[in-house]
Amino acid sequence: MSLSVALIGATGYTGLEVAKLLSVHPQARLTIATARADAGQPIASVHPSLVGRVDLVLEELDADKIASRCDVAMCCLPHGASAETVRGLCAAGVRVIDFSADFRLSSLDVYEHWYKVKHPWPERVGQTVYGLPEFFADEIAKADLVANPGCYPTSAILPLAPLAKAGLIETDDIIVDSKSGVSGAGRGLKLGTLYCETNESIAAYAVGSHRHGPEIDDLVGRIGGIDPQVIFTPHLTPMSRGILSTIYVRPKSDDVVGAVKQVTQCWRDCYGEQPFVNVVDHLPATAHVAGTNYVQMAARASGKRVVLLSAIDNLAKGASGAAIQNMNVMFGIDQQVGLN
C-alpha cells in the first residue's frame with residue numbers, strides 16, 4: 001500500500017511536522033501541499049529543514065484535484081475556516097483528518113459559545129469521531145472525517161479518562177495545570193510569543209477561558225460516562241516544544257498511597273496494548289518524549305490527593321504525530337509505522 005496525502009495549510013509548525021513524518025513513512029507520501037499566500041513557492045523555501053527531503057511546490061487548494069490524486073487530506077487550518085474547507089473535501093470524496101477544533105466537541109452550542117463563530121457545517125458536530133485511537137480506534141478505522149485532538153486535551157484526557165471510567169476519582173474537583181512550549185501558539189507573529197517576551201519567564205494565560213477546557217470536560221465525560229468539573233490553567237514556558245500536565249485529583253479511597261497503586265494499575269490495564277502510552281515509575285519530563293509520539297504518565301501521593309503527571313510533545317502526539325497515527329488506523333496500517 002502507498003497512500004497519497006494532501007496537506008492543507010502547510011506553512012505552520014504542524015504542517016512542517018506532517019511533512020517531516022511523511023518523508024520517512026514507508027507506506028505514505030506527501031503528494032499535494034497547499035498554502036494560500038505562498039502558492040507557487042517550493043515548500044522547502046517556507047520550511048528550509050525540508051530541503052532534500054520534500055520536493056513539492058505549494059499549490060492553491062482545489063478539492064477536486066485533491067480527490068483525484070489523494071487518499072486522505074490533513075487539514076491544518078484555523079477553526080471556522082477549517083470546517084468550510086473540510087466540508088468541500090468530504091463532499092469530493094476525500095477522507096479527512098482535521099487539526100482544528102471544529103469537529104471535536106459533541107455540542108454545537110458549546111462550540112459556538114467558546115469559539116464565537118457560527119459553525120459552517122453544524123450537522124457534523126457531535127457526529128465526528130474524536131482522534132484518540134487509544135479509545136476510538138474502531139470508529140476511526142471507518143471514518144470519513146476524524147477530529148484530531150487538541151494538544152493540552154491529549155495530555156489530560158489520557159491520564160484522566162480511564163480513572164473516571166473506573167470510578168477511582170472524584171470527578172467534580174479536577175485541577176489540570178499545564179505548561180506548554182511556545183510552538184503551541186503557532187508560527188504567526190504575536191507579541192506574547194516573541195523571544196524577549198517569553199525568554200526567562202513563565203506565565204499563565206487564558207485563565208478560566210481557554211478553549212481546551214471544555215474539550216477536556218467533554219471527552220473525559222464521554223469516555224468516563226460522567227459529568228466532570230475540570231479547572232484547567234495553561235502556562236507558556238520558554239521552550240520550543242512539549243507539554244507537561246500536572247493534574248490534581250481526589251481519590252474515592254481514603255488510602256491515598258493505595259489509590260496511587262490503583263491508578264497505576266488502572267492505567268496499565270487500559271493502555272497495556274497501546275503502543276504510545278507509557279506508564280512509568282520516574283517523574284515524566286518533556287525532554288523524555290521530545291520529537292516522539294509517546295506519552296509518559298506517572299502518579300504520586302500528596303496529602304489527600306493523587307497527583308497525575310503527563311508529558312507529551314505538543315507537535316507530535318499533541319498534533320502531527322497523532323494525525324499520522326490516525327491515518328494509519330484509517331487505512332489498516334500498524335499504528336507505529338512512520339512514528340517513533
Taking Leu7, is it out of contact with any Asp or Glu (no Cβ under 9 Å at 6 or more places or on another chain) and in a strand (DSSP E or B)? yes
Can you find even one residue in the range 41-55 that is closer than 27 Å to Thr154 by Cα, surrounded by 15 or more Cβ atoms within 10 Å (Cβ to Cβ), touching a residue at least 40 places away in the same chain (Cβ under 8 Å) and not hydroxyl-bearing (Ser, Thr, Tyr)? no
Are there any pairs, at least 6 apart or on different chains, whose C-beta atoms fall under 9 Å, with the first in the range 288-310 and under 15 Å from Val256 (Cβ atoms) and assigned to a strand (DSSP E or B) and the second open to solvent by 60 Å² or more (accessible area, probe 1.4 Å) and among the basic types (Lys, Arg), and if so, which? Ala299/Lys261; Arg305/Arg250; Val306/Arg250; Val306/Arg300; Val307/Arg300; Leu308/Arg300
Report, ordered by the first and then the second residue, all pairs with beta carbons closer than 8 Å, sequence separation of six or more or different chains, a first member in the range 171-191 that is under 17 Å from Pro153 (Cα atoms) and free of Cβ contacts under 8 Å to residues at least 12 places away in the same chain, and a second member that is polar (S, T, N, Q) and open to solvent by less than 40 Å² (accessible area, probe 1.4 Å). none
Taking the condition of being in contact (Cβ under 8 Å) with a residue 24 or more places away in the chain, more than 25 Å from Lys116 (Cβ to Cβ) and open to solvent by 40 Å² or more (accessible area, probe 1.4 Å), how many residues in the range 192-209 meet it? 4
Checking Val279 against (1) over 21 Å from Gly321 (Cβ atoms); (2) in contact with a strand residue (DSSP E or B) (Cβ under 9 Å, 6 or more places away or on another chain); (3) hydrophobic (A, V, I, L, M, F, W, C): exactly one of these is not met. Which one? (1)
Residues of the range 169-200 being touching a Lys or Arg at 6+ places or on another chain (Cβ under 6 Å) and either of a type in the set (A, V, I, L, M) or within 21 Å of Asp313 (Cβ to Cβ) (or both), which ones? Gly181, Ser183
I'd like the full set of residues that are open to solvent by less than 90 Å² (accessible area, probe 1.4 Å) and either of a type in the set (A, V, I, L, M) or outside any loop (DSSP other than H, G, I, E, B) (or both), limited to the range 23-40. Ser23, Ala28, Leu30, Thr31, Ile32, Ala33, Thr34, Ala35, Ala39
Residue hits (the range 88-131; loosely packed, with under 14 Cβ neighbours inside 10 Å and either assigned to a helix (DSSP H, G or I) or among the charged types (D, E, K, R) (or both)) are Ala91, Asp109, His113, Lys116, Lys118, Pro122, Glu123
For residues that are surrounded by fewer than 18 Cβ atoms within 10 Å (Cβ to Cβ) and modelled with pLDDT of 95 or more, tally how many sit in the range 66-87. 2
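The values are calculated or read from the model by the stated rules, or taken from the named source; none is laboratory data. None of these values were measured; they are calculated from a predicted model. FYI the Cβ positions are ideal-geometry reconstructions off the backbone, even for glycines, and counts take in every protein chain you see. Ligands, DNA and RNA are excluded from the accessible area calculation, which covers all protein heavy atoms including side chains. Shrake-Rupley method; radii C 1.70, N 1.55, O 1.52, S 1.80 Å.
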